[in-house]
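Structure first, commentary second.
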Amino acid sequence: MVLLDGNKISQEIKEEVKVDTAAILADRHRPPHLVAIIVGDNPASQTYVAHKIKACDFVGFESTVLNYPADLKESFLLRKLHSLNIDPDIDGILVQLPLPAQISEHNVIETISPEKDVDGFHPINNGRMAKNLPAPLPATPAGILELLRRYGIDPKGKHVVVVGNSNIVGSPVSTLLARENEMGRATVTTCHIHTRDLAFHTRQADILIVATGVPGLIKSDMVKEGVVVVDVGINRIDDPTRKRGYRLVGDVDFEGVSTKASHITPVPGGVGPMTIAMLLKNTLMLYKQHLAITSSPNPN
Ligand code: GUN
């Protein structure tokens with residue numbers, strides 16, 4: 001069994017982004033600048049954003065975190081996004097999800113300029129992705145594809161079963177794997193926790209991707225021998241023996257399933273760090289596009 005080591009691969013990607021960024025700075029350009037917005041005090045969101053900022057520091061990006069209280073008005077946030085959209089010193093904007101109930105996720109996502117949408121969540125970028133056009137890809141799905149690619153796992157012709165159909169992971173990863181390109185061409189079945197006889201579908205999988213937020217949902221009798229397993233779940237389980245009072249587990253029963261899998265991601269240290277590495281790559285890509293526009297010679 002091969003462990004799909006997201007810590008190792010994400011470190012390689014971060015080193016690559018760091019080298020690229022150093023070359024940009026040596027050319028006397030300003031560094032790429034990411035703005036991350038958190039509304040409320042969801043502890044997981046605080047942790048994820050802290051990891052994103054630490055990664056920006058590592059590669060030499062500038063970053064800004066804006067923390068707002070849980071009772072923030074949607075209109076305030078949308079106005080703030082409009083001002084960030086037109087700020088020439090900012091290349092990427094992300095609003096950490098989930099958001100409090102009074103704020104519409106759709107309104108927020110549609111207000112971020114597609115040119116600064118580092119999460120690749122804007123419907124325009126979603127459509128471009130579906131059409132196989134250049135676009136920032138949602139970081140977790142992109143991280144899954146990159147992890148498979150760097151371990152030499154080609155989805156072409158394989159049966160990929162995705163459990164979970166969220167806008168952030170399940171839906172875009174299904175789209176990406178079915179696309180007509182070198183990391184696609186798979187036969188994709190998209191399931192969710194309501195799928196009747198889920199185990200019937202998961203047992204067909206050559207590659208199984210699970211993103212439901214249900215700890216330990218996938219047991220060893222639900223997979224076939226030799227399956228490649230990508231566990232996207234990051235669930236906090238109370239554990240008084242740990243210093244923090246909890247431990248992280250995935251959506252897959254690792255102990256059982258790893259005895260049958262040919263490849264499997266650990267939790268933590270699998271998909272999580274890949275998401276952060278791909279966010280950096282998206283920020284760098286949008287920065288380069290932004291720079292090309294703002295520094296192009298005036299034709300007049
Ligand atoms: N919440 C969980 N995953 C993500 C992500 O990739 N981006 C944002 N903005 N929020 C998230």
Practice task
Could you list, in sequence order, all residues of segment 156-177 that are under 17 Å from residue 140 (Cβ atoms) and touching a Gly at 6+ places or on another chain (Cβ under 8 Å)?
Solution key: 162, 163, 164, 170, 172, 176, 177
Exercise for the section: Go through segment 154-170 and give me each residue that's within 16 Å of the ligand (Cβ to nearest atom), farther than 19 Å from residue 199 by Cβ and surrounded by 18 or more Cβ atoms within 10 Å (Cβ to Cβ). Expected result: 168, 169
Problem - Unique match (being surrounded by 15 or more Cβ atoms within 10 Å (Cβ to Cβ) and not in a loop (DSSP other than H, G, I, E, B)) among 195, 212, 189 - result: 189
Handout entry: Pairs with Cβ under 9 Å, 6+ apart, first in segment 269-292 and closer than 17 Å to residue 121 by Cα, second within 16 Å of the ligand (Cβ to nearest atom) and at pLDDT below 95
Key = none
Problem - First in segment 132-144 and within 12 Å of residue 273 (Cα to Cα) and in contact (Cβ under 8 Å) with a residue 60 or more places away in the chain, second anywhere and among the β-branched types (Val, Ile, Thr) and near the ligand (Cβ under 9 Å from one of its atoms), Cβ under 7 Å, 6 or more apart - result: 139/275; 140/168; 140/169; 140/275; 143/275
Problem - Count of residues meeting criterion [touching an Asp or Glu at 6+ places or on another chain (Cβ under 8 Å) and part of a helix (DSSP H, G or I)] in segment 1-43 - result: 2
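For segment 200-208, does any single residue satisfy the condition of being more than 16 Å from the ligand (Cβ to nearest atom), among the β-branched types (Val, Ile, Thr), assigned to a helix (DSSP H, G or I) and modelled with pLDDT under 95?
So the first thing to find is which residues in segment 200-208 are more than 16 Å from the ligand (Cβ to nearest atom), and the list is 200-208.
Narrowing further to those that are among the β-branched types (Val, Ile, Thr): 202, 207.
Filter once more, keeping what is assigned to a helix (DSSP H, G or I): 202.
Adding the requirement that they be modelled with pLDDT under 95 leaves none.
So far as segment 200-208 goes, no, none of its residues is more than 16 Å from the ligand (Cβ to nearest atom), among the β-branched types (Val, Ile, Thr), assigned to a helix (DSSP H, G or I) and modelled with pLDDT under 95.
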Handout entry: Of all residues in segment 132-153 being touching an Asp or Glu at 6+ places or on another chain (Cβ under 8 Å) and within 15 Å of the ligand (Cβ to nearest atom), the one that is nearest to residue 283 (Cα to Cα)
Key = 136
Practice task
From (1) surrounded by fewer than 13 Cβ atoms within 10 Å (Cβ to Cβ); (2) within 15 Å of the ligand (Cβ to nearest atom), pick out the condition that doesn't hold for residue 54.
Solution key: (2)
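On the basis of being of a type outside the set (Gly, Ala, Ser), within 22 Å of residue 37 (Cα to Cα) and free of Cβ contacts under 8 Å to residues at least 24 places away in the same chain, does residue 168 make the cut? Talk me through it step by step, then tell me what you get.
Details: of a type outside the set (Gly, Ala, Ser): yes; within 22 Å of residue 37 (Cα to Cα): yes; free of Cβ contacts under 8 Å to residues at least 24 places away in the same chain: no.
No.
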Handout entry: Residues within segment 73-89 that are assigned to a loop (DSSP other than H, G, I, E, B) and either among the basic types (Lys, Arg) or within 23 Å of the chain's Cα centre (by Cα) (or both), tallied
Key = 1
Practice task
Would you check if there is a residue in segment 238-249 being under 20 Å from residue 5 (Cα atoms) and of a type in the set (A, V, I, L, M, F, W, C)?
Solution key: yes
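Do we have residue 291 as in contact with an Asp or Glu (Cβ under 9 Å, 6 or more places away or on another chain), away from the ligand (no atom under 16 Å from the Cβ), closer than 26 Å to residue 93 by Cα and modelled with pLDDT of 95 or more here?
Values: in contact with an Asp or Glu (Cβ under 9 Å, 6 or more places away or on another chain): yes; away from the ligand (no atom under 16 Å from the Cβ): yes; closer than 26 Å to residue 93 by Cα: yes; modelled with pLDDT of 95 or more: no.
Answer is no for this residue.
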Exercise for the section: Kindly list, by first and then second residue, each pair from a residue in segment 48-64 that is part of a helix (DSSP H, G or I) to a residue that is more than 16 Å from the ligand (Cβ to nearest atom), limited to pairs with Cβ atoms under 7 Å and residues at least 6 apart or on different chains. Expected result: 55/14; 58/14; 58/18; 59/14; 59/17; 59/18; 59/21
Practice task
Any chance you could count how many residues in segment 90-105 are within 15 Å of the ligand (Cβ to nearest atom) and either more than 14 Å from the chain's Cα centre (by Cα) or surrounded by fewer than 19 Cβ atoms within 10 Å (Cβ to Cβ) (or both)?
Solution key: 9
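The values are calculated or read from the model by the stated rules, or taken from the named source; none is laboratory data. Bear in mind that the values here come from a model prediction, so they are computed numbers and not experimental data. With ideal geometry, Cβ positions are generated from the backbone for all residues, glycine too; neighbour counts draw on all protein chains shown.
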